[in-house]
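Report on one structure; see the data block that follows.
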Amino acid sequence: MKYIMYSLLIYSLYAQEYNVDIAPIIYENCISCHREGQIGSFLQLTNYDEVFNNRYWIAYAIAGDEESRHGNPIMPPWPADRSYSTLLDEMYLTEDQIHTFLDWVDSGAMQGDPEDEYPIPDFTAGSTIGEPDIVIQMQESYFISGNYEDDYRCFILETNIADAIDLAAMEFIPGNLEAVHHAIIVAVPSGSADALDEADPDYGYECFGDFGTSNISDFLGGYAPGTIARKWPQGLAQQMPANSDLIVQVHYAPLMTDQTDQSSVNIFINDEQVDRYIQENLMINSQFALPPDEITSVTTTWQITQDISLIQFLPHSHLLGKSWEIFAITPQQTDTIPIIRINDWDFDWQFFYSPEYMIHLPLGTVVSATCTYDNTSDNPDNPNDPPQWTFWGDGTNDEMFFVPFRYVNYEAGDENIYLGNTNLLLGDINYDGLLNILDVVALVNCVLDNNCSELNYSSVADINGDNAYNVLDIVALVNIILS
Ligand code: HEC
């Protein structure tokens, strides 16, 4: 059995066919969004005909070398520069996958034998990290007009919880996956934002870059298409203050049809011993002035006053933002630690980024963040035509320089604490929670292409634990599955 599979797969390298070569690339990397009811449903890629009919568009999006909107290439959307730093849950196609697709298009885009068709993965609905302790849903459903415009809206969710809570995770579950582009959650003292909602005739209130109120907690959770929630590593927790309301800020993407959304928040309580609380430092610069018709760089530094371990960061600017670079210089100045670089900033694709392992920033380190703003008419996103002087503010036409960093006080060994979800199944190469032939196919492919180490969670591919990825791992995985 294993030999038959193996030779089939080797053969497949030489004949590009949709069912064998292309479907796995598209189904594993694109249809989490490009299928019915999801944010990318305008372009569904769930079978041969759909992919064939859009093959040139896809080729442009995955291989186009034009300066693009969500990083280079355009799809899958991952604005962070992977050559600069390695972050968790990166979305990308490998060079080999891109070339396989282009070769397939060039060689006639054949479908191949229907018997070989690579199956569509199962997608789980609801939480990706287990059974929540508390679920709070938006009280009403919100109406989103099909006017093809962005809609930025804040909703107040009452918790009715009198005590402070140690959070293991806070997860946002979109009620309408096609409409919700982003969400971010903070807590405010109960009732303190109600006037904002009451002043707006519809459910919730309009908010673009912030929450319309200043008395907010740390960021407690967020959502962007394609991201999965994560629990904090053992011993760590974030705290939700006593007597809080939550405010969820939602960005609804432009829609062609009227729709509604009633999203909810899953709260996971940490009831184990908490050794360290997650803290937040906001790097903010509100003193800049961006002259019209100019490109301006703004740099801000953060002096580290005790040893800390960095866990997460979210660079944030508005529509003039062009690029970001954040790095740290250790006190001896011997070491520059690259944290994140975004070459094509895109307001539509903002993520809470995490390194794979905590980053130790010793006392005396200086973190430097630079955002470059393009306030010329060459910037297609410039909200002003002609360009205008632009300053800090909440509005679509204002700008921001804002980076929340999450960290804990440093403890020896933090550098080895993996920040991703560790409850992954050994051998579950496609992370679908099952061990089956699909994993063998994925493993064989990465062994043959010699790029298993580029998998998001490469440890799942090292079946025999020898720190190498080779035919022994394939044999071991086949044996696990057959037994
Ligand atoms: C995380 C969700 C997500 C994933 C994963 C994703 N897309 Fe997209 N894609 C979108 C959204 C949303 C848009 C439209 C808005 C935009 O461009 O930001 C889009 C736009 C596109 C476009 C049109 C681009 C243009 O500018 O004309 C193509 C083609 C495309 N995607 C193909 C792909 C392919 C192929 C993959 C997999 C390799 C992929 N996408 C992965 C969400 C996603």
- Query: Among (1) touching a Pro at 6+ places or on another chain (Cβ under 8 Å); (2) surrounded by fewer than 18 Cβ atoms within 10 Å (Cβ to Cβ); (3) in a strand (DSSP E or B), which single condition is residue 260 missing?
  - Reply: (1)
- Item | Subset of segment 60-81 (residues that are modelled with pLDDT of 90 or more, more than 6 Å from the ligand (Cβ to nearest atom) and closer than 22 Å to residue 326 by Cα) | 78, 79, 80, 81
- Task: Tally the residues that are within 15 Å of residue 430 (Cα to Cα), touching a residue at least 40 places away in the same chain (Cβ under 8 Å), within 29 Å of the chain's Cα centre (by Cα) and assigned to a helix (DSSP H, G or I), restricting the search to segment 440-483.
- Result: 6
- Task: Could you grab me the full set of residues in segment 289-310 that are surrounded by 18 or more Cβ atoms within 10 Å (Cβ to Cβ) and assigned to a loop (DSSP other than H, G, I, E, B)?
- Result: 304
- Message: Which of the numbered conditions does residue 408 fail, given that it passes all the others? Conditions: (1) buried (at least 21 other Cβ atoms within 10 Å of the Cβ); (2) in contact with a Phe, Trp or Tyr (Cβ under 6 Å, 6 or more places away or on another chain); (3) closer than 30 Å to residue 275 by Cα.
- Response: (2)
- Task: Examine segment 92-114 for a residue that is of a type in the set (A, V, I, L, M, F, W, C), under 26 Å from residue 314 (Cα atoms) and surrounded by fewer than 20 Cβ atoms within 10 Å (Cβ to Cβ), and state whether such a residue exists.
- Result: no
- Task: Give the residues of segment 29-44 that are near the ligand (Cβ under 6 Å from one of its atoms) and crowded, with 20+ Cβ neighbours inside 10 Å, sorted by residue number.
- Result: 29, 30, 33, 34, 39, 40
- Restricting attention to segment 127-155, and to residues there that are outside any strand (DSSP E or B) and hydroxyl-bearing (Ser, Thr, Tyr), which single residue is nearest to residue 228 (Cα to Cα)? 128
- Item | Qualifying residues in segment 313-328 (those that are at pLDDT 95 or above and either surrounded by fewer than 20 Cβ atoms within 10 Å (Cβ to Cβ) or polar (S, T, N, Q) (or both)) - the one nearest to the ligand (Cβ to nearest atom) | 323
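Taking the options 365, 396, 370, 376, name whichever one is within 22 Å of residue 206 (Cβ to Cβ) and among the β-branched types (Val, Ile, Thr). Break it down into steps so the answer makes sense when it comes.
On the way: 365 fails: within 22 Å of residue 206 (Cβ to Cβ); 370 fails: within 22 Å of residue 206 (Cβ to Cβ); 376 fails: within 22 Å of residue 206 (Cβ to Cβ).
Matching residue, one of 365, 396, 370, 376: 396.
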- Task: Name the residue, out of 185, 161, that is surrounded by 15 or more Cβ atoms within 10 Å (Cβ to Cβ), more than 16 Å from the ligand (Cβ to nearest atom) and not in a loop (DSSP other than H, G, I, E, B).
- Result: 185
- Query: If you go through segment 227-241 one residue at a time, do you hit one that is surrounded by fewer than 18 Cβ atoms within 10 Å (Cβ to Cβ), of a type outside the set (Lys, Arg), modelled with pLDDT under 90 and within 16 Å of the ligand (Cβ to nearest atom)?
  - Reply: yes
- Message: Residue pairs, Cβ under 8 Å, 6 or more apart or interchain, first in segment 117-131 and of a type in the set (Asp, Glu), second assigned to a loop (DSSP other than H, G, I, E, B) and at pLDDT 75 or above. List them.
- Response: 122/434
- Could you pull out the residue among 305, 257 that is under 23 Å from residue 153 (Cα atoms) and over 25 Å from the mean Cα position of the chain (by Cα)? 257
- of a type in the set (D, E, K, R), crowded, with 18+ Cβ neighbours inside 10 Å and under 19 Å from residue 89 (Cβ atoms) - does that describe any residue in segment 425-444? yes
- Cβ pairs under 6 Å, 6+ apart or interchain, first in segment 192-207 and within 19 Å of residue 262 (Cα to Cα), second among the basic types (Lys, Arg), ordered by first then second residue, are 204/153
- Of all residues in segment 82-113, count the ones that are within 16 Å of the ligand (Cβ to nearest atom), out of contact with any Phe, Trp or Tyr (no Cβ under 8 Å at 6 or more places or on another chain) and more than 25 Å from residue 353 (Cβ to Cβ). 6
- By residue number, the members of segment 344-396 that are surrounded by 15 or more Cβ atoms within 10 Å (Cβ to Cβ) and within 16 Å of the ligand (Cβ to nearest atom) are 344, 345, 346, 347, 348, 349, 350, 351, 352, 353, 381
- Filter the strands (runs of 3 or more DSSP E) completely within segment 335-436 down to those with at least 1 residues that are within 19 Å of residue 79 (Cβ to Cβ). 336-342, 366-375, 402-409
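The values are calculated or read from the model by the stated rules, or taken from the named source; none is laboratory data. Keep in mind that what you see is a predicted model, and the values were worked out from it rather than measured. Methodologically, a virtual Cβ is constructed for each residue, glycine included, from the backbone with ideal geometry; neighbour enumeration extends over all protein chains shown.
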